[in-house]
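Just below is one structure, and these are the notes that go with it.
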Amino acid sequence: MVEQLDLEDWAWQVAADVYRLNLFCHLTGQTVSRRSAVTEEELTRAIRSSFTQVNDAAYRQMIKLATDAALEAYDRAVSRNIRWSRTRRAN
């Protein structure tokens, strides 16, 4: 049970990092190579600076894309670890 809770917490953290990184990249038009996350400060600055440059519909689309990427990352993290755990138990 403890392993399952740790896995879920870890997967949610990965998903949150993916969400922030994806949204940051959409807002700034930059790719962030070799980084797995952006800071809250970086994301806050990107959101503030985008208010005058991004219309409401585009912002909603960015949020949707970032959310979809985060949920996909969560699903992948959990699925991969469940498969790994089952393989480990079988051996």
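Roll a 1.4 angstrom probe over the protein heavy atoms and tell me the percent of accessible area of the chain that is carbon or sulfur.
Taking all protein chains in place, the chain shows 52 percent carbon and sulfur surface.
Using only alpha carbon pairs under 8 Å that are at least six residues apart, calculate the relative contact order of the chain and give it in whole percent.
Computed value for the chain: 43 percent relative contact order.
Per residue, how many Å² of accessible area does region 1-90 show with a 1.4 Å probe?
On a per-residue basis, 75 Å².
Mind checking which of A70, A11, A57 has the largest fluctuation in a GNM of the chain, springs on alpha carbons under 10 Å?
A57
Classify the chain from the C-alpha gyration tensor, please: rounded if a/c falls under 1.5, else prolate or oblate depending on whether a/b exceeds b/c.
prolate
The values are calculated or read from the model by the stated rules, or taken from the named source; none is laboratory data. In this text the structure is predicted, and so the values were computed from the model without any measurement. Side chains are part of the model used for accessible areas, which takes the heavy atoms of the whole protein and leaves out ligands, DNA and RNA. Shrake-Rupley method; radii C 1.70, N 1.55, O 1.52, S 1.80 Å.
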